[in-house]
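The structure under discussion appears below in the form of structure tokens.
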Amino acid sequence: MDWPKMFLLFVTLLIVNQAQAESGSEEWYTIEGKITPPEKRPSNEFFTSTQILVNGGEQIGSLRDDGSFYITGVPAGSHIVEVVHPNFNYESARVDITSKGKIRARRVNHIQPSQVTHVPYPLRLAALAPYRYFQVY
């Protein structure tokens, strides 16, 4: 395929995608929850260095001062929500959003994916343990 045809195809796809987004053919939802800091009085640096990832970074959110988060623009489907912090390991959750907007959450189980353990929604995610980057001898 030569350059002008590729450019024309790209522009056409761009226009079609924009028209679909503007037509409202797909509903967008919000995933919300709260993070429990591992310390009783977390520093401001804790909130700025913590990110909330949906599906490995398709959507990225940050924490508010009270530990809550809202991630908007999420389509219906099944999504993995992860908390990323350089010093603490957090539990992950799978959030299922139906096409009618019903939201349910469950624990992520990589060993037994068919095992379903529901968790309350809005999400409440707690630190599991601090990361151990080095072995102690």
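The values are calculated or read from the model by the stated rules, or taken from the named source; none is laboratory data. Quantities reported herein were computed from a predicted structural model and do not represent experimental measurements. Glycine gets a Cβ as well: all are built from the backbone with ideal geometry, and neighbour counts include every protein chain shown.
Within the stretch 86-97, the set of residues being touching a residue at least 40 places away in the same chain (Cβ under 8 Å) and not in a strand (DSSP E or B) comprises P86, N87. Evaluating A129 against the criteria (1) surrounded by fewer than 10 Cβ atoms within 10 Å (Cβ to Cβ); (2) in a loop (DSSP other than H, G, I, E, B) leaves one unmet condition, (2).
Within the stretch 27-42, take every residue that is free of Cβ contacts under 8 Å to residues at least 60 places away in the same chain and surrounded by 12 or more Cβ atoms within 10 Å (Cβ to Cβ) and give me the one that is nearest to the chain's Cα centre (by Cα). Going through the qualifying residues, I end up with T30. E26 passes every criterion in (1) among the charged types (D, E, K, R); (2) modelled with pLDDT of 80 or more; (3) under 22 Å from V95 (Cβ atoms) apart from (2).
Only one entry in I80, I15 is among the aliphatic types (A, V, I, L, M), modelled with pLDDT of 90 or more and either on the phi < 0 side of the Ramachandran plot or exposed (fewer than 15 other Cβ atoms within 10 Å of the Cβ) (or both), namely I80.
Within the set R64, R124, the sole residue that is among the basic types (K, R), farther than 16 Å from W28 by Cα, touching a residue at least 40 places away in the same chain (Cβ under 8 Å) and surrounded by 11 or more Cβ atoms within 10 Å (Cβ to Cβ) turns out to be R124. Only one of the numbered conditions (1) closer than 19 Å to G56 by Cα; (2) over 15 Å from the mean Cα position of the chain (by Cα) is violated by G101, and that is (1).
For the stretch 51-83, a residue qualifies if it is over 30 Å from S99 (Cα atoms) and touching a strand residue (DSSP E or B) at 6+ places or on another chain (Cβ under 8 Å), and exactly one does: D66. Scan the stretch 84-118 for residues that are of a type in the set (V, I, T), at pLDDT below 90 and either surrounded by 16 or more Cβ atoms within 10 Å (Cβ to Cβ) or out of contact with any strand residue (DSSP E or B) (no Cβ under 6 Å at 6 or more places or on another chain) (or both) and the total you get is 1.
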